[in-house]
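Asker: Take this structure first; my questions come after.
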Amino acid sequence: MVLDGTLASSVQTAVQALARGELLGLPTETVYGLAAAADDDAAVARIFAAKGRPADHPLIVHVADGAAVVHYARTVPVFAQQLMDAFWPGPLTVILPRLPGAARAATGGQDSVGLRCPAHPVAQAVLAVLAQQAPPLHGLAAPSANRFGRVSPTTAAHVAAEFGPDLLVLDGGPAAVGIESTIVDCTRGVPVLLRPGAVSRDAIERACGLRPLSKEELTAATPRASGTLLAHYAPAARVRLMPACELQALLAERQAGALSVAVYARASLRIEPPRAGVLLQPMPDDPVLAARELFARLRDFDDAGMQQIWVETPPDTPAWEGVRDRLQRAAAAG
């Protein structure tokens, strides 16, 4: 059921459901999450079951503010605090050493915990009320509200379509960012970028004075983190990434009766003569706008019955890193 009444009444209904150990579709500025009380192991287990997610694949814990970090993290390095000061609330997750006994099920058995403070006002309202409960609930485990490995949801309707009418969903409008948070591992003495997102490498360096490493630059294994599998974020249609010139050549060669194809590109492409079974959709030139609409477009192509999705490879620049990462993982699933 999608709650779209007054904010106060909807939040109270949602908080009561969470306190009973139920799941909630929660809007954030990145994507919608499937939330449960982070320290309720039984409720967290319901997230894993609903998503079909491996139990050792950790979840991000969402908190109301930096003060709540003490309930989950054993230590906070100086550069991690600088990142939280710069980007919270916002689309940044920091991985910190976990406090023993905290969020055990949500962290997939690891001794670290991923923490994020969402900027969405509805998520903030829910977290604020939870903190006032007796006993207080300090955080929500909330991975993206979709089946494991599939396209993340950016509207309440996406969540309802994914899990059906029995799930309570707060409608907070379309997600403003559109892709999941940047994840930075802060357990290594230096920042390590595990998943790119709206907070760029350059912004991380400006905030803490340290250039983030890539996990490939380390000899030791990094913690497991949400959304970092090679194949992820995949629609039902097969995704193929290619440069614009290859897209145009394939469109010129394509014969009637071939697979139905959606083409998502920044370049102006031509189909002469026009043919059935080909859907052209322009991709924004602005990486922020492209990120905002990416997952919704992939879902639209599935809804239209497309069998393949041909996407122009995004530029290899820092601004496009988050979009490029999501598309590469979607293509790897094919």
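Asker: Given the condition over 20 Å from V192 (Cα atoms), at pLDDT 95 or above, surrounded by 20 or more Cβ atoms within 10 Å (Cβ to Cβ) and assigned by TED's automatic domain parsing to the domain that holds G189, answer yes or no: does some residue in the stretch 106-121 qualify?
Answerer: Yes: the stretch 106-121 contains one or more residues that are over 20 Å from V192 (Cα atoms), at pLDDT 95 or above, surrounded by 20 or more Cβ atoms within 10 Å (Cβ to Cβ) and assigned by TED's automatic domain parsing to the domain that holds G189.
Asker: Restricting to the stretch 171-182, name every residue that is within 16 Å of A291 (Cα to Cα) and in contact with a strand residue (DSSP E or B) (Cβ under 6 Å, 6 or more places away or on another chain).
Answerer: S181, T182
Asker: Tell me which of these A161 doesn't satisfy, since it passes every other one: (1) touching a helix residue (DSSP H, G or I) at 6+ places or on another chain (Cβ under 9 Å); (2) in contact (Cβ under 8 Å) with a residue 24 or more places away in the chain.
Answerer: (2)
Asker: Can you go through F148, F87 and tell me which one is closer than 19 Å to L194 by Cβ, aromatic (F, W, Y) and surrounded by fewer than 18 Cβ atoms within 10 Å (Cβ to Cβ)?
Answerer: Unique residue meeting the criteria: F148.
Asker: I've got another one for you. Only one of (1) under 17 Å from L18 (Cα atoms); (2) acidic (D, E); (3) without any contact (Cβ under 8 Å) to a residue 12 or more places away in the chain is not met by E216, so which one is it?
Answerer: Only one criterion in (1) under 17 Å from L18 (Cα atoms); (2) acidic (D, E); (3) without any contact (Cβ under 8 Å) to a residue 12 or more places away in the chain is unmet by E216, namely (1).
Asker: Scan S181, S214 and give me the residue that is at pLDDT 95 or above and out of contact with any helix residue (DSSP H, G or I) (no Cβ under 8 Å at 6 or more places or on another chain).
Answerer: Exactly one of S181, S214 is at pLDDT 95 or above and out of contact with any helix residue (DSSP H, G or I) (no Cβ under 8 Å at 6 or more places or on another chain), namely S181.
Asker: Looking at A198, A207 in this structure, which one is assigned by TED's automatic domain parsing to the domain that holds H158, surrounded by 21 or more Cβ atoms within 10 Å (Cβ to Cβ), touching a residue at least 24 places away in the same chain (Cβ under 8 Å) and among the hydrophobic types (A, V, I, L, M, F, W, C)?
Answerer: Values: A207 fails: surrounded by 21 or more Cβ atoms within 10 Å (Cβ to Cβ).
Of the residues listed, the single one that is assigned by TED's automatic domain parsing to the domain that holds H158, surrounded by 21 or more Cβ atoms within 10 Å (Cβ to Cβ), touching a residue at least 24 places away in the same chain (Cβ under 8 Å) and among the hydrophobic types (A, V, I, L, M, F, W, C) is A198.
Asker: Just one of A161, A80, A103 is small (G, A, S), within 13 Å of G25 (Cα to Cα) and either modelled with pLDDT under 95 or surrounded by fewer than 24 Cβ atoms within 10 Å (Cβ to Cβ) (or both); which is it?
Answerer: Working: A80 fails: within 13 Å of G25 (Cα to Cα); A103 fails: within 13 Å of G25 (Cα to Cα).
Result of the check over A161, A80, A103: A161.
Asker: Can you tell me which residues in the stretch 311-325 are touching a Leu at 6+ places or on another chain (Cβ under 8 Å) and modelled with pLDDT under 95?
Answerer: none
Asker: Regarding the stretch 90-97, can at least one residue be identified that is of a type in the set (S, T, Y) and touching a Leu at 6+ places or on another chain (Cβ under 7 Å)?
Answerer: Quick first cut of the stretch 90-97, residues of a type in the set (S, T, Y) only: 93.
If we keep only those that are touching a Leu at 6+ places or on another chain (Cβ under 7 Å) as well, we get 93.
Yes, some residue in the stretch 90-97 is of a type in the set (S, T, Y) and touching a Leu at 6+ places or on another chain (Cβ under 7 Å).
Asker: Residue under question is P97, and the condition is that it be surrounded by fewer than 21 Cβ atoms within 10 Å (Cβ to Cβ) and more than 23 Å from Q16 (Cα to Cα); does it hold?
Answerer: Answer is yes for this residue.
Asker: Restricting to the stretch 9-42, what's the tally of residues that are without any contact (Cβ under 8 Å) to a residue 24 or more places away in the chain and either more than 19 Å from A134 (Cβ to Cβ) or of a type in the set (G, A, S) (or both)?
Answerer: Summing the residues that are without any contact (Cβ under 8 Å) to a residue 24 or more places away in the chain and either more than 19 Å from A134 (Cβ to Cβ) or of a type in the set (G, A, S) (or both) in the stretch 9-42 gives 2.
Asker: Taking P89 as meeting all but one of (1) in contact with a strand residue (DSSP E or B) (Cβ under 8 Å, 6 or more places away or on another chain); (2) modelled with pLDDT of 95 or more, write down the number of the exception.
Answerer: Only one criterion is unmet by P89, namely (1).
The values are calculated or read from the model by the stated rules, or taken from the named source; none is laboratory data. Predicted model, so just to flag it, every value in this text is computed and none were measured. Quick reminder, even Gly has a Cβ in these numbers, built from the backbone with ideal geometry, and neighbours come from all protein chains shown.
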